[in-house]
Amino acid sequence: MSEKRGHLYLLTGLIIGVLVGVLLSMMLPVQYTDTDPSLLQNADKDLYRSLIASAYLVEVDNNRAQARLELLGDVNPQDALVAQAQQLLASGGSEEESRALALLAAAINEGVVQITALPNINDLPVSPPLETNTVNTPVVEPTGNSTKEPTADVTRTPVVTVTPRPTVTPLPTEGSPYELVEQSEVCDAGLSTPLIQVYVFDLEDNPVAGVRIEISITDRGMEVFYTGLYPEISPGYADYQMVEGMIYNLRVGTAGQLVQNLSIPRCETDDGKSFPGSIKLIFKNPD
Amino acid sequence: MRISRLIGFIIAILLGVAGGLALGWRYLPSQVTTTGLQDLRADYQADYVLMVAEVYAADGNLENALTLLKEINPENPLRVVQEGLLTAQQMGYETWEMRYMADLEIGIRSQVGQGETP
């Protein structure tokens with residue numbers, strides 16, 4: 001009788017084993033060696049991403065920065081950059097770091113962003129070439145304990161990429177004397193929170209990312225944020241959430257015009273209901 | 001016969017567990033990971049060192065550079081740079097990239113020369 005049962009028990013055992021194995025793999029921490037950045041733990045990914053952004057300010061090589069970001073395996077690198085920049089600002093982290101992240105996010109959004117590279121303090125007589133090297137994005141086999149040679153399947157081919165420059169995004173010059181060219185109230189009942197919406201443009205009306213904006217409240221100190229954190233709206237856009245009863249002063253750039261006494265405007269719906277509005281400020285660099 | 005079936009069953013389970021672990025670690029790697037920068041492959045570590053060197057070249061902040069390098073080797077950040085230089089050489093990095101990295105190495109060495117432990 002038992003001879004006729006066949007070998008289904010083997011299949012049953014195998015299925016049970018696979019289920020147990022998958023469950024175990026999800027519970028047991030795994031440590032990869034000789035791996036790629038996409039498998040880093042989140043804290044290290046943040047650090048790596050931040051370093052990519054900082055290095056971008058030195059190299060100003062969009063292709064390379066993008067190739068490096070792709071290594072992290074983010075579904076949307078731009079969103080990851082923006083989220084990290086916002087998180088940094090919210091937690092009182094480094095302003096420079098968040099600015100670098102915002103600029104890189106804007107660079108990805110625009111495709112090509114031209115910024116001035118940070119100078120080398122050692123005055124090296126060399127500079128990153130215009131014809132950029134692109135780090136190949138290696139195909140990664142995340143094996144648990146790989147013993148293969150570290151560089152076996154990775155080649156660093158210096159690819160000459162002719163970067164198209166259809167649009168030129170202006171330089172985010174912190175010291176530029178941005179002037180207020182338009183101030184208006186925004187009565188949009190769809191906006192859930194009252195905002196100060198800031199748009200920064202250059203002389204040719206191109207939005208400028210990475211511009212420092214200072215906002216101060218009397219006796220309550222100052223906060224800093226940057227344009228470029230919402231590239232889906234505009235690379236030159238930034239906003240700040242207002243609180244009822246507060247009066248704000250705002251400056252764009254370090255030498256920009258101070259806009260004073262900003263507070264939540266009152267708006268009315270068609271049926272006469274009052275709701276808090278927002279303020280829209282447009283700044284331009286006249287130089 | 002029963003014993004042989006039992007043994008077969010157990011072997012099937014063990015094979016299944018091994019396969020399940022491999023599947024899970026291969027396709028669900030981000031669920032739980034403790035992989036750090038020190039686990040990066042040598043070529044990625046070299047690129048990391050290059051980025052640190054570039055930032056150092058711009059801001060001259062050796063402390064910051066050391067902090068970043070210690071993420072790979074807390075005991076000996078200088079070694080991280082040296083290994084990065086070797087890998088960079090093998091992979092044909094550009095001269096200006098090698099110089100950035102070499103400058104970082106010199107910076108760390110000079111600190112060692114002043115009696116400070118990097």
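Counting only heavy atoms of protein chains, what accessible area per residue, in Å², does segment A:219-259 have with a probe of 1.4 Å? Can you show the working numbers first?
Numbers: 1920 Å² over 41 residues.
On a per-residue basis, 47 Å².
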query: Using alpha carbons only, how many degrees (0 to 90, rounded to 10) separate the axis of helix B:42-59 from the longest principal axis of chain B?
result: 30 degrees
statement: Relative to chain B, whose Cα atoms define the longest principal axis, helix B:77-90 and its Cα axis are tilted in degrees, nearest 10, by 80 degrees
Crossing angle, helix B:2-27 versus chain B [Cα axis fit, 0-90 degrees, rounded to tens]: 30 degrees
message: Solvent-accessible area of A:Lys273, probe 1.4 Å, all protein chains present, reported in Å² to the nearest ten, please.
response: 130 Å²
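Answer rounded, prolate or oblate for chain B, using the Cα gyration tensor with square roots of eigenvalues a ≥ b ≥ c: rounded when a/c is under 1.5, else prolate when a/b is larger than b/c, else oblate.
Values: a/c = 3.91, a/b = 3.12, b/c = 1.25.
Here chain B falls in the prolate category.
Just the number, please: carbon plus sulfur as a percent of the accessible area of segment A:37-110, 1.4 Å probe, no ligands or DNA/RNA counted.
Values: 1040 of 2450 Å².
The value for segment A:37-110 is 42 percent carbon and sulfur by accessible area.
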message: Out of the total accessible area of chain B (probe 1.4 Å, heavy atoms of protein only), what percent is carbon and sulfur?
response: 57 percent
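Take the solvent-accessible surface of the protein heavy atoms, probe 1.4 Å, and return the percent of it on segment A:179-284 that carbon and sulfur atoms account for. Kindly include the intermediate steps, with their values, before the conclusion.
Values: 2280 of 5220 Å².
For segment A:179-284, the apolar C and S fraction of the accessible surface comes to 44 percent.
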query: Rounded to two decimals, what is Rg over Rh for segment A:37-110 when you use alpha-carbon atoms and the Kirkwood radius?
result: 0.92
field: Accessible area buried between chains B and A, both sides summed, probe 1.4 Å, in Å² to nearest 100
entry: 5400 Å²
- prompt: Per residue, how many Å² of accessible area does segment A:37-110 show with a 1.4 Å probe?
  reply: 33 Å²
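The values are calculated or read from the model by the stated rules, or taken from the named source; none is laboratory data. These numbers come from a predicted model, not from an experiment. In case anyone asks, the SASA skips ligands and DNA or RNA and just uses the protein heavy atoms, side chains included. Shrake-Rupley method; radii C 1.70, N 1.55, O 1.52, S 1.80 Å.
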